[in-house]
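One structure is given here, and the rest of the page talks about it.
The values are calculated or read from the model by the stated rules, or taken from the named source; none is laboratory data. As the structure is a prediction and not an experimental result, all values here were calculated from the model. Cβ sites come from the backbone with ideal geometry, for glycine too, and all protein chains shown count toward neighbours. Each accessible area value is taken on the protein alone, full model and side chains, heavy atoms only, with ligands, DNA and RNA left out. Shrake-Rupley method; radii C 1.70, N 1.55, O 1.52, S 1.80 Å.
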2 protein chains.
Amino acid sequence: MLSNSAALDEKDISFSISDLAREFGVTTRAIRFYEDEGLLSPGRSGRQRVYTSRDHVRLKLIVRGKRLGFSLSEVREIIEMYDLDPGESGQLRYFLEQIKKRREALQQQRHDIELTLDELDSIESECKHRLSALS
Amino acid sequence: MLSNSAALDEKDISFSISDLAREFGVTTRAIRFYEDEGLLSPGRSGRQRVYTSRDHVRLKLIVRGKRLGFSLSEVREIIEMYDLDPGESGQLRYFLEQIKKRREALQQQRHDIELTLDELDSIESECKHRLSALS
DNA sequence: GACTTAATTGACGTTTACGTAAACGGAAAC
DNA sequence: GTTTCCGTTTACGTAAACGTCAATTAAGTC
């Protein structure tokens, strides 16, 4: 009765491997590979893998990272930031450094995107210009 | 005398392979590889490669594309957009489609970046919070 | 003209991120 | 009770993007 009884319903949601594959548009092979790489750690019901909402979150981070062009080991670094232990100050300072680097890389990426989008705009208008000149 | 005599000075700038390697922080091996892939097409002075400002621009697009996580074939697609021929309307319409897809992908990427940056912010403040609690 | 330095060519090696095929296991449907 | 479906395991295959030699050449320099 004194236990923290209000554990959220979210906790016991579970997913099959094909659930996740469908939702995130990846193959089951890929998901198992991510497990081999230590990025996911599903439970088992018999031989079958059972994924928790924690795995669900992690897979979301993985596919997002992939969309950003990160390698799996970079994705791993990012994921590891999420479950840092309350630990010592050295660790924390190290993490803050990593965070800074990541942020800078992401800001560079965002800048690259802006540049590319601008150039796409001008290519597009050039295209449209030529198209209208063909009529 | 009737020739277009005012060709810009920019035109005859040339670069060695190590010039480019230094400037863009890539290896000469990589640069030659890009040539093998048809992304660069330097001239020759004897056996040595001579890169023009066109190659310079292209290499810039390549490294930017790489920073964004694009594969070389995706980079190729983007580069090819830059030198489209005045051609037929079918081509132009096709290009417009490609541009649209690219833009959507880039916007998705930008969105992913915003999400990740936000999360980095909260991880960072959590970190700082814990650090200050250790004093 | 020997020496160093930069570049080339060719070839094989390597890492990453899965794909693909084979062979098997359990559970549900008919 | 056997087909069908999903999942598992093991293992080999592969494409991309270079790295890493090794042998050769050409260009300057002292």
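Just to verify a result, which residue in segment A:36-83, among those that are β-branched (Val, Ile, Thr) and more than 10 Å from DNA strand C (Cβ to nearest atom), is surrounded by the fewest Cβ atoms within 10 Å (Cβ to Cβ)? Ranking the qualifying residues of segment A:36-83, first place goes to A:Val57.
In this entry, A:Lys101 passes the filter for residues that are among the basic types (Lys, Arg), more than 16 Å from DNA strand D (Cβ to nearest atom), open to solvent by 70 Å² or more (accessible area, probe 1.4 Å) and out of contact with any helix residue (DSSP H, G or I) (no Cβ under 8 Å at 6 or more places or on another chain).
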